[in-house]
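Everything below concerns the one structure shown next.
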There are 2 protein chains.
Amino acid sequence: MKILILVAMYQEAKPLVNELSLKETEPFDDALPMRIFINHEKPDIVLVISGTDPKHNADYIGTQAAAVSAVMAIKKFNPDIILNIGTAGGFKDRGAQIGDVYLVTQAFYHDRRIPLPGYDAYGMGGYHCEMIPEIAGALNVKKGILSTGDSLDAQPCDLEIMAKHNAVVKDMEGASIVWVANLYKKPVILLKSVTDLVDYPEENYQDFLNNLHLASHNLKDQFLKILQLFTENKIVVNKTI
Amino acid sequence: MKILILVAMYQEAKPLVNELSLKETEPFDDALPMRIFINHEKPDIVLVISGTDPKHNADYIGTQAAAVSAVMAIKKFNPDIILNIGTAGGFKDRGAQIGDVYLVTQAFYHDRRIPLPGYDAYGMGGYHCEMIPEIAGALNVKKGILSTGDSLDAQPCDLEIMAKHNAVVKDMEGASIVWVANLYKKPVILLKSVTDLVDYPEENYQDFLNNLHLASHNLKDQFLKILQLFTENKIVVNKTI
């Protein structure tokens, strides 16, 4: 059983790299910025982060690097299952609270508006995520719809589309990873923890570091539960979803 | 000399596929949707389109498929130079007219707003494109700044950012391709022909098919001029830009 974990930022991945004693290995090639961490004990784990833009000292967050990272990692490691974990914004009015962890049921985009027949639905994504019953049952999480976009903020046009999708969490990579996972017919699980409230921004910055700590801690707890299921061979992944 | 041509849509690529007698060859793998057309005469030409989403019968336009296409094509074919050609929206108030062909000098994004230090500049892109003097001199084109985003329309927040960049053409793939080309230190040329006016939408649909025909025709003419320069060995590409 080989598990691929895709994470955008090093800071999001660091607790897992430490917890799982992952060791960095050689990158995909000399050009791509992604960094690869592995531990070949059972279960066999590969964690890939998107890397850092040296010019701006900014991690390669967003959909393009995530899509490239997913394609390259699937081709190189041929995993049995893909996990994308990370922090997200949440919508309080649709039930999210800071620190919540969400298991994503469906992943949309909110910034790919293409008002032409066929293209409108293509642009919106709306990919269904694998709901592996053993995982859904073992986790102490909420379930909900994710919307992905390349901006950290949300403009009125974005909020309108996210409301239409009934999105409860907002991130910058998820849908892009599900797109690639679906192309390769790989099961994919998205776990997103809420660090801030998109619809009540005034509640965000009172104690942001505490929020981040809480969200990261809860995310790691849920992730370790998934890992335990794999370690105990309690999950059978259907390889031809 | 190997030339890689990256095009989003089949309809944009079709005139070139016919003109250059390109033959379709096997794809990158069984999962990715990109289609590859080749002709190994001199100059050696590879043209890759992003493919079609069968569920929605929509071509994979936008930055994610373009980035994956660019990475895969560069790794497989190791081209000496990359051309991205296609249609675009133009800004009349900044000098664009329908049918104009632009040689892109710099490629920004207008839909990656990340208001954090370092990340703001990362999100905006602003990659410089290779200005090969022989090409710039031989073409009968305007030069200008491109802005890329995943939506066909432009919301007020997009228009504001495009104005800040002084963008004269708007597309859905260019910056993403320059990003990848820069990672692999490959020279990249973007040629964009104007089919519609972003700032005067009421002037667009009077005779859209004629506009498209004019823009495509002008684009092919300029592309063939570039090809002739390569055929006559009039261009020396510096491989370590």
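The values are calculated or read from the model by the stated rules, or taken from the named source; none is laboratory data. Source: prediction; values computed, not measured. Note that each Cβ is placed from the backbone with ideal geometry, even for glycine, and that neighbours are counted across all protein chains shown. All accessible areas refer to the heavy atoms of the entire protein, side chains included, with ligands and DNA or RNA removed. Shrake-Rupley method; radii C 1.70, N 1.55, O 1.52, S 1.80 Å.
Numbers below:
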item: Test for A:D29: is it at pLDDT 95 or above, within 25 Å of B:G126 (Cβ to Cβ) and in contact with a strand residue (DSSP E or B) (Cβ under 9 Å, 6 or more places away or on another chain); result: no
item: Among (1) assigned to a strand (DSSP E or B); (2) within 30 Å of A:A154 (Cβ to Cβ); (3) open to solvent by 20 Å² or more (accessible area, probe 1.4 Å) - the single one B:P117 does not satisfy; result: (1)
item: Single match in A:T87, A:T148 (criterion: open to solvent by 10 Å² or more (accessible area, probe 1.4 Å) and of a type in the set (S, T, N, Q)); result: A:T87
item: Top-ranked residue in the stretch B:199-236 [being surrounded by 14 or more Cβ atoms within 10 Å (Cβ to Cβ) and within 14 Å of chain A (Cβ to nearest Cβ); ranked as farthest from B:L6 (Cα to Cα)]; result: B:N204
item: Residue match in the stretch B:135-147 (condition: within 14 Å of chain A (Cβ to nearest Cβ), over 20 Å from B:N218 (Cβ atoms) and touching a strand residue (DSSP E or B) at 6+ places or on another chain (Cβ under 9 Å)); result: yes
item: Residue count for the stretch B:151-168, restricted to those that are open to solvent by 30 Å² or more (accessible area, probe 1.4 Å), under 20 Å from B:Y127 (Cβ atoms) and part of a loop (DSSP other than H, G, I, E, B); result: 1
item: Residues within the stretch A:32-76 that are within 14 Å of chain B (Cβ to nearest Cβ), open to solvent by less than 30 Å² (accessible area, probe 1.4 Å) and more than 18 Å from B:Q64 (Cβ to Cβ), tallied; result: 1
item: Residue tally, condition under 15 Å from A:G89 (Cβ atoms) and modelled with pLDDT under 90, over the stretch A:198-213; result: 8
item: Complete set of residues in the stretch A:120-145 that are open to solvent by less than 20 Å² (accessible area, probe 1.4 Å) and part of a helix (DSSP H, G or I); result: A:Y122, A:G123, A:I135
